[in-house]
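**Student:** First the structure, which I've put down as structure tokens, then a few questions once you've had a look.
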Amino acid sequence: MYSQLSKEANTTIQKWLTDTKYSEYKEELEKLIAQEDWKTLEDSFYTTIPFGTGGRRGPVGLGSNRINRITIGESAQGLCDYLSAQSEEDLPAELAGAKKSGIVIAHDTRTTSRELAEYTASIFAANNFTTYLFNSFRATPELSFAVRHLQAAAGVVISASHNPPADNGFKAYWSDGSQIVPPHDKGIMQAVTNVKNIMPSLPAELAGQIQTIGKEVDDAYIAAIANESLSKSRSAKIVYSPLHGTGTMSVQKVLEHVGFQDVTIVAEQASPDGTFPNLPNNIPNPEVLSASEMVTEYAKRLDADIAITTDPDADRLGVVAKDSASEYKLLTGNQIAALAAYYVASKEQKGFMVRTIVTTDLLDAIAQDFGLKIYNHILIGFKYVAQLIREHQDNGDETFLLGGEESYGLLKGSNCRDKDAAVAALLLCELASELKDQGKTMFWQLHELYKKYGIFTETLTNINYPGAEGFQNMQRIMKQLREQSPTDIAGTPINAVIDRETFTGNDKGNVLIFELSNKHNRLTIRPSGTEPKIKIYTQLHTPVDPNISDEDLQKKITEEASRAKNLAEAFQKLVG
């Protein structure tokens, strides 16, 4: 036992040193111990990477709290074991014959993704599951589509989404193409925990048992997304950057397929490269302003109507457009969701929309105005959007129109059951085209929404808590806020506290909501499900005169942004 390490880390390290399952890592682990790198050892072994809102994700490296052939192999074997157990005759019919129906595997452009995808495929095949593996990198939403298209029992994507280059992950999908939700997520995690031996990967001479897929699924996916088009207008001048990710296989192909002619690709960021070399700090996240620097430069030079970016697995869409001063500006995820919702609502006659609890209430106002139903109670994670599609469309008589979340995720239609930057790009580029035809811009449309429904202002603050100590601090903060809830934030009274941990079923989550003057003015705090950080969301709403001048509207928008920022900063100081 090593006194410098926690009991949990010591226990796991001893397993990795003595169990033959971990023998390939024994020498590397012994070197790390000899170097007395206790901080790295503690963080690498104090826990096992759990399935969060986006599956299992983290840095690639040695240890139970890292992504490697052990944690990926256990994930793959555990999924096989769980699916095999579910195939019993007395269990759900949807999984009868799971081995024959098979599992689909996709991966992004990260440096370790192909290797880990092939390793995963070999484990599935060795467990006698029909195994489908894409011939190269693909967008995560296409994996979701492929599971449905091939009528597979499950799907897996090897990706760390928008995380830094050192990370990777394993995300599991159910037979309906949605991310795993309760009770299956916990069931799979338990099966992973119970894995004693990973089925040996297939030898090279048997690798032919893995079925390679590509063009046929691609063509079906692109056609399905194109079918979600709501306009024939194609006048927008578009700039697009895939940020070195998979978007060239989805977003670019969809825009070409539907007939957009003036699309310029940011050449410096078009190559599939998991090191993300031509991005500031190598961060491929559309939410981060620096990720849009190059696409914005292109937009200025070409006088583009809209500039878009996608993260490495092409499920999130960033949008840059001209503001009221004709300066290019990055829209927030809430603004993108509101514009898309208004566009869809103005074209469709009936159906329902979905938003997460931290997504703007502007979607509620739009849905109500157009007589559409909106489900607004769901926890963070697009798997819950998919769950509502299953409940109210697949097993009901309602029609799903649009799902949105503040973290740059959108979905229209139900061909996929995850957020999809390709369909989001289609909607936003069509909207930009229709507005251009009228001599208007996307920010003009956004300001018209504010005049009609009031100004909705949202902020997001991320507080990083890395490592084992950080995880403990996050738990301490949430516990303290529950036991000693503040009565005000910077002098603004808190009228109500909603603790989602007291809810039941899929509505239960580690989320606290502090309502201010009313339900439209609030602060929400939660630990991230996939990253070592706490997220603080602020939303404010203020009505305005529909006839307000553009100058006064802009002034009011600026004032509200400052007020929201001050509240978020005060709350951040409060939580410590």
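The values are calculated or read from the model by the stated rules, or taken from the named source; none is laboratory data. All values reported here derive from a predicted model rather than from experimental measurement. Note: ideal-geometry Cβ built from the backbone for every residue, glycine included; neighbour counts use all protein chains shown.
**Student:** Go through the stretch 429-464 residue by residue and tally those that are over 29 Å from Val251 (Cα atoms) and in a helix (DSSP H, G or I).
**Tutor:** Matching residues across the stretch 429-464 total 4.
**Student:** Within the stretch 373-404, count every residue that is buried (at least 16 other Cβ atoms within 10 Å of the Cβ), among the small types (Gly, Ala, Ser) and either out of contact with any helix residue (DSSP H, G or I) (no Cβ under 8 Å at 6 or more places or on another chain) or not assigned by TED's automatic domain parsing to the domain that holds Ala424 (or both).
**Tutor:** 2
**Student:** Pairs needed: first member in the stretch 88-108, assigned by TED's automatic domain parsing to the domain that holds Thr130 and on the phi > 0 side of the Ramachandran plot; second member anywhere, at pLDDT 80 or above and of a type in the set (A, V, I, L, M, F, W, C); C-beta distance under 7 Å; at least 6 residues apart or different chains.
**Tutor:** Within 7 Å, the pairs are Gly102/Phe129; Gly102/Ala152; Gly102/Ala153.
**Student:** Out of all the residues in the stretch 311-338, which are charged (D, E, K, R) and part of a strand (DSSP E or B)?
**Tutor:** The answer is Arg316, Lys322, Lys329.
**Student:** Could you identify the single residue in Asp167, Asp108, Asp185 that is modelled with pLDDT under 95, in contact with a strand residue (DSSP E or B) (Cβ under 9 Å, 6 or more places away or on another chain) and among the acidic types (Asp, Glu)?
**Tutor:** Criteria check complete, one pass: Asp185.
**Student:** On to the next question. State which residue is farthest from Gly169 (Cα to Cα) when the search covers only the stretch 498-532 and only residues that are β-branched (Val, Ile, Thr) and either surrounded by 16 or more Cβ atoms within 10 Å (Cβ to Cβ) or in contact with a strand residue (DSSP E or B) (Cβ under 6 Å, 6 or more places away or on another chain) (or both).
**Tutor:** For the stretch 498-532, the residue satisfying everything is Ile498.
**Student:** Quick check, is Arg56 outside the structural domain of Lys383 (by TED's automatic domain parsing), in contact (Cβ under 8 Å) with a residue 40 or more places away in the chain and either of a type outside the set (Asp, Glu) or surrounded by fewer than 20 Cβ atoms within 10 Å (Cβ to Cβ) (or both)?
**Tutor:** Yes: the conditions hold for Arg56.
**Student:** A follow-up question, please. Out of the residues in the stretch 131-171 that are among the small types (Gly, Ala, Ser), within 22 Å of Asn68 (Cβ to Cβ) and in contact with an Asp or Glu (Cβ under 8 Å, 6 or more places away or on another chain), state the one that is surrounded by the most Cβ atoms within 10 Å (Cβ to Cβ).
**Tutor:** Step by step, filter the stretch 131-171, then rank; the result is Ser159.
**Student:** Take Asn518 and tell me if it is polar (S, T, N, Q) and assigned to a helix (DSSP H, G or I).
**Tutor:** Spelling it out, it is not the case that Asn518 is polar (S, T, N, Q) and assigned to a helix (DSSP H, G or I).
**Student:** Here is a follow-up. Search the stretch 364-407 for residues being touching a His at 6+ places or on another chain (Cβ under 9 Å) and among the aromatic types (Phe, Trp, Tyr), and hand back the single one that is nearest to His149 (Cα to Cα).
**Tutor:** The residue in question is Phe400.
**Student:** Write out, first by first residue and then by second, each pair whose Cβ atoms fall under 7 Å of each other, whose residues are 6+ apart or on separate chains, and whose first residue, in the stretch 495-516, is without any contact (Cβ under 8 Å) to a residue 24 or more places away in the chain while the second is among the aromatic types (Phe, Trp, Tyr).
**Tutor:** Sorted first by the residue in the stretch 495-516, then by its partner, the pairs are Val497/Phe514.
**Student:** I've got another one for you. Which ones in the stretch 94-112 are among the small types (Gly, Ala, Ser) and surrounded by 24 or more Cβ atoms within 10 Å (Cβ to Cβ)?
**Tutor:** Hit for the stretch 94-112 is Ala106, nothing else.
**Student:** Is there a residue in the stretch 284-302 that is assigned to a strand (DSSP E or B) and either surrounded by 21 or more Cβ atoms within 10 Å (Cβ to Cβ) or not polar (S, T, N, Q) (or both)?
**Tutor:** no
**Student:** Just for the stretch 24-57: of the residues that are at pLDDT below 90 and among the small types (Gly, Ala, Ser), which one is farthest from His107 (Cα to Cα)?
**Tutor:** Only one residue tops the list, namely Gly52.
**Student:** State all residues of the stretch 115-130 that are surrounded by fewer than 24 Cβ atoms within 10 Å (Cβ to Cβ), outside any helix (DSSP H, G or I) and in contact (Cβ under 8 Å) with a residue 40 or more places away in the chain; if no residue qualifies, say none.
**Tutor:** Asn127, Thr130
**Student:** Continuing with the same structure: Pairs needed: first member in the stretch 185-196, assigned to a loop (DSSP other than H, G, I, E, B); second member anywhere, not aromatic (Phe, Trp, Tyr); C-beta distance under 6 Å; at least 6 residues apart or different chains.
**Tutor:** Listed pairs, sorted by first residue: Val195/Glu74; Val195/Gln77; Val195/Gly78.
**Student:** Go through the residues of the stretch 246-266 one by one and say whether even a single one is touching a Gly at 6+ places or on another chain (Cβ under 8 Å) and modelled with pLDDT of 95 or more.
**Tutor:** No, the conditions are met nowhere in the stretch 246-266.
**Student:** I want to confirm something. Restricting to the stretch 346-362 and keeping residues that are basic (Lys, Arg) and at pLDDT 95 or above, which single residue is surrounded by the fewest Cβ atoms within 10 Å (Cβ to Cβ)?
**Tutor:** So the residue we want is Lys347.
**Student:** Which one is surrounded by the fewest Cβ atoms within 10 Å (Cβ to Cβ), of the residues in the stretch 65-80 that are more than 21 Å from Glu28 (Cβ to Cβ) and among the hydrophobic types (A, V, I, L, M, F, W, C)?
**Tutor:** Filtering the stretch 65-80 for residues that are more than 21 Å from Glu28 (Cβ to Cβ) and among the hydrophobic types (A, V, I, L, M, F, W, C), the one surrounded by the fewest Cβ atoms within 10 Å (Cβ to Cβ) comes out as Cys80.
**Student:** Suppose we filter the stretch 385-404 for residues that are touching a residue at least 24 places away in the same chain (Cβ under 8 Å) and charged (D, E, K, R); how many remain?
**Tutor:** 3
**Student:** Given Leu143, Leu83, which one is at pLDDT below 95 and either under 22 Å from Asn168 (Cβ atoms) or not assigned by TED's automatic domain parsing to the domain that holds Asp311 (or both)?
**Tutor:** Selected residue: Leu83, the only one of Leu143, Leu83 that is at pLDDT below 95 and either under 22 Å from Asn168 (Cβ atoms) or not assigned by TED's automatic domain parsing to the domain that holds Asp311 (or both).
**Student:** Taking the condition without any contact (Cβ under 8 Å) to a residue 60 or more places away in the chain and either within 20 Å of His377 (Cβ to Cβ) or assigned to a strand (DSSP E or B) (or both), does Leu523 pass?
**Tutor:** yes
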